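The values are calculated or read from the model by the stated rules, or taken from the named source; none is laboratory data. This structure is a prediction, so every number in the text was calculated from the model and none was measured. Reconstructed Cβ throughout: ideal geometry from the backbone, glycine too, with neighbour counts over all protein chains shown.
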Amino acid sequence: MHSHGVLMDRIYRRQRYFYDLTRKYYLVGRDRLIRDLDLRPGSSAVEVGCGTARNLIAIAGHYPGTRLFGLDVSLTMLETARRAVEHAGLSDRILLVHGYAEALVPELFGEKLPFDCAIFSYSLSMIPDWCSALEVANRALVPGGRLHMVDFGDFSGLGRFGALALRRWLRMFHVEPRTELLYALEGAIAGGLVGDLWVSPRRYAFAWSVPRCSTRAFANVAGQPQAAGNP
């Protein structure tokens, strides 16, 4: 795992300074996810792969009185995130911690109680063991808590060459769309799985929101893609 943290630091050492300016044009669905959180005052939310804390700062504005936590594997990104949180005057509401998605537990933040909400915003496509990351986040939720994620889709609506070009460009930044998760979710939702799935026009992105599930039920979805071996 240590090597992945080093890789992320190398990727974002310079990008962090203009990350938010450029990403707002192609990280589709982030604000939609934030609007759908429906957080109450006093509730807690953790973002896994919080990056520059852009989302956490926006969530704090949308949902007063919430307690927010951010986890990221990149120390350089966290340095930028902490400055942004301080500049926004939100240091008392947003706590940032360095760590790996697969190791998420409330105790990382000094918390004893599980979270009300867990968020993955364009981070699953950069987490090597993304299935484990989803399962761990599910376990870190209170009963009735909810997991929200948004990420790249399969780009099939962009045409063959458009999709190929975009995938090649994303791989330059070690981003791998989790299309197998999208396909598994489409099958599971059709089969009656409780949860909400949104797919953007041209299948550029997709978002999934689901209540905390039993470990077995969640593994049937989160673990299905690897077991099925979909491309």
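At pLDDT 95 or above and under 18 Å from Leu33 (Cα atoms): is that true of Val97 in this structure? The answer is no for Val97.
The single condition from (1) at pLDDT below 95; (2) out of contact with any Pro (no Cβ under 7 Å at 6 or more places or on another chain); (3) more than 21 Å from Arg30 (Cα to Cα) that Ala165 fails is (1).
Applying a threshold of 6 Å to beta carbon distances and a minimum spacing of six or more residues, or different chains, the list of pairs starting in segment 70-94 at a residue that is small (Gly, Ala, Ser) and ending at one that is assigned to a strand (DSSP E or B) reads Gly70/Glu47; Gly70/Leu96; Ala81/Leu96. Please name all residue pairs, on different chains or six or more residues apart, with Cβ atoms under 9 Å, provided the first residue is in segment 143-171 and is β-branched (Val, Ile, Thr) and the second residue is part of a strand (DSSP E or B). Listed by first residue and then by second, the contacts come to Val150/Ile119; Val150/Phe120; Val150/Ser121; Val150/Trp198; Val150/Ala205; Val150/Phe206; Val150/Ala207; Val150/Trp208. The residue list Glu107, Glu102 contains one member that is exposed (fewer than 13 other Cβ atoms within 10 Å of the Cβ) and either part of a helix (DSSP H, G or I) or modelled with pLDDT under 95 (or both), which is Glu107. Only one of the numbered conditions (1) out of contact with any Lys or Arg (no Cβ under 7 Å at 6 or more places or on another chain); (2) hydrophobic (A, V, I, L, M, F, W, C); (3) closer than 16 Å to Gly99 by Cβ is not met by Ala163, and that is (3). Restricting Glu176, Glu186, Glu180 to residues that are surrounded by fewer than 19 Cβ atoms within 10 Å (Cβ to Cβ), modelled with pLDDT of 85 or more, of a type in the set (D, E, K, R) and in contact with a helix residue (DSSP H, G or I) (Cβ under 6 Å, 6 or more places away or on another chain) narrows the list to Glu176. Just checking, does segment 62-75 include any residue being under 18 Å from the mean Cα position of the chain (by Cα), among the acidic types (Asp, Glu) and closer than 20 Å to Arg146 by Cβ? The answer is no; no qualifying residue exists. One residue stands out in segment 42-76 among those that are assigned to a loop (DSSP other than H, G, I, E, B) and among the hydrophobic types (A, V, I, L, M, F, W, C): the one that is farthest from Leu95 (Cα to Cα), namely Val73. Can you tell which of Thr52, Thr80, Thr76, Thr66 is at pLDDT 95 or above, of a type in the set (Ser, Thr, Tyr) and buried (at least 16 other Cβ atoms within 10 Å of the Cβ)? Sole residue among the options that is at pLDDT 95 or above, of a type in the set (Ser, Thr, Tyr) and buried (at least 16 other Cβ atoms within 10 Å of the Cβ): Thr66.
Evaluated against (1) assigned to a loop (DSSP other than H, G, I, E, B); (2) of a type outside the set (Asp, Glu); (3) surrounded by fewer than 16 Cβ atoms within 10 Å (Cβ to Cβ), Val97 falls short on exactly one condition, (1). Taking segment 90-134 as the range and being within 16 Å of Cys213 (Cβ to Cβ) and of a type in the set (D, E, K, R) as the test, only Asp116 passes. Within segment 149-172, the set of residues being crowded, with 21+ Cβ neighbours inside 10 Å and in contact with a strand residue (DSSP E or B) (Cβ under 8 Å, 6 or more places away or on another chain) comprises Met149, Val150, Asp151, Phe152, Gly153.
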